[in-house]
Every structure is written in structure tokens, then in C-alpha cells.
Amino acid sequence: MQLEIEHPGLPKTAVNLGTAYELIGNIKLAKNWIAEGMKRDPLIHLGSEWIHLNILEAKTKRATPKYFHEYPLLNVHYGTGYVPDAHWKNQRKPTTAEYDAIREQVSLQISERKNFVSRQDAVMAQLFYELANLEMRQNQPGWYNNFQSSFETNLLIDLARQYGLKKTPYNQKRLQYMAQGNVIEKLWMKIKDFWAIRDNQNWI
């Protein structure tokens, strides 16, 4: 606080205070200072502090797997099928530029956060899991390529598991698909996704 008193208005001071308050468990003040830092400079930390605010909100709500499914940390929803179907809350698909920005922003947030969390951390596990979905959906556009698990996706899922990601009703199909090495099995999963979507549309 002394730095803020001596040099008021610095964006970096505000977000550092937010992080400090988070570390001592004062989530309310952490949210206030992160929001203040974003107000002072919306582009601080590559404009990634909105992710930090989502993390703090999740902590406030004592986030469960159901919470993370309804309120993903990266704001992108992927459904519960075998293959991620990325969309914003209003159902609009993210653009390539939006994907690239999120990837860069979440990578920075992960880099900052890993310095002060343990190896069992629900937030870090969720960040890596959501980033794996992001990579899987964005970087494998071709029909045949959708059956392949990229090195990047596998690495991210491994990191999510290292931080304690557990199989839940909201991610079990996705994890099964990512772990599956048999192309025929993956094709069958995609067919089941197709018919599930078709059935849902018939009910509308």
C-alpha cells in the first residue's frame, strides 16, 4: 500500500495489490484492486486481467465442476460432447483473432500464477483443460485431423491432470476422446456427437 500512497494511479501497483490480497485470502479486496488495475490500463498484462477476475469470482463461488462448465474461466463454452464445440455464451463462434488473443492471454496468466500455487490447484487444472480445448478446436480444422490428438493438446491435458483435474460428468467424454488412440473409436464418438446434436435440434 505504501507504493500506492507514494505513487498513486499506477496500473501495475493495482494488479500487484490484487494478487497480494488473493494470496492472503482476501478475495473481495483482490477483485477490487484487479478491477482498478484494468480501469487504469485495460491492456495491462496483454489485457489478460479479465481472466484473473474470472478466477477470483470462481474462488468467491467455491467453484465446482458444474460452476466451471457454466462459467468457464476463458468465457468460451465447449459443450459436453466428445469433440469441443467452441462458442461464446450468445452461441457465436470465436474468430481466429479472438482465439489467438485468448491463447496469449491465458498463457501469461498461467505463467504468473504457477509461481505461487501448489501442484494440486483446481484453477490451474481448469485453465490447462480449457486451453487444451481451445488448442484442439482451433488447430485441427480438417476432418481427418480431428481424429488426431496433437502434441500440444496432450501436453496441456497432462498438465491439467498434474494439477488435479478429475473426470466429471462435464468433461468425461472430452477426456475419453483426447485419450483415445484408435481412429475408428474416435470416428464412432464423432458420429454419436452428430446424432446427439441432431436429436436435440429435433426437440426444438
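A short reminder: the numbers here are calculations on the coordinates, not readings from a lab. Just so you know, these numbers come straight off a predicted model, no measurement behind them. Cβ placement follows ideal geometry from the backbone for every residue including glycine, while neighbour counts extend to all protein chains displayed.
State, to one decimal in nm², a quarter of the convex hull surface area for the C-alpha atoms of region 1-117, i.e. the direction-averaged projected area. Spell out each step's value before the answer.
Numbers: hull surface 32.7 nm².
If you wrap the Cα atoms of region 1-117 in a convex hull and average its projections, you get 8.2 nm².
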Residues of type lysines that Lys93 reaches as a straight line, Cα spacing below 20 Å, ignoring anything fewer than 8 places off in the same chain
Lys190
What lysines sit close enough to Lys28 to cross-link, taking a C-alpha to C-alpha distance under 18 Å and skipping anything fewer than 8 places away on the same chain?
Lys39, Lys59, Lys61
What Rg and what Dmax come out for region 17-75 when only alpha-carbon atoms are used, in angstroms?
11.6, 33
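Only Cα pairs under 8 Å and at least 6 apart count here; give the relative contact order of the chain as a rounded whole percent. Please list the in-between numbers first.
On the way: 215 pairs, mean separation 35.4, N = 204.
Reported as a whole number, the value is 17 percent.
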Treating the angle as unsigned and between 0 and 90°, give the value, to the nearest 10°, between the Cα long axis of helix 122-139 and the longest Cα principal axis of the chain.
50 degrees
Ordering of 19-27, 104-112, 31-39 by burial proxy (mean other Cβ atoms within 10 Å per residue, highest first)
31-39, 104-112, 19-27
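For region 62-203, what is Rg from Cα atoms divided by 2.2 N^0.38 Å, rounded to two decimals? Could you put the intermediate results ahead of the total?
Numbers: Rg = 14.9 Å, N = 142, 2.2 N^0.38 = 14.5 Å.
Rounded to two decimals, the normalised Rg is 1.03.
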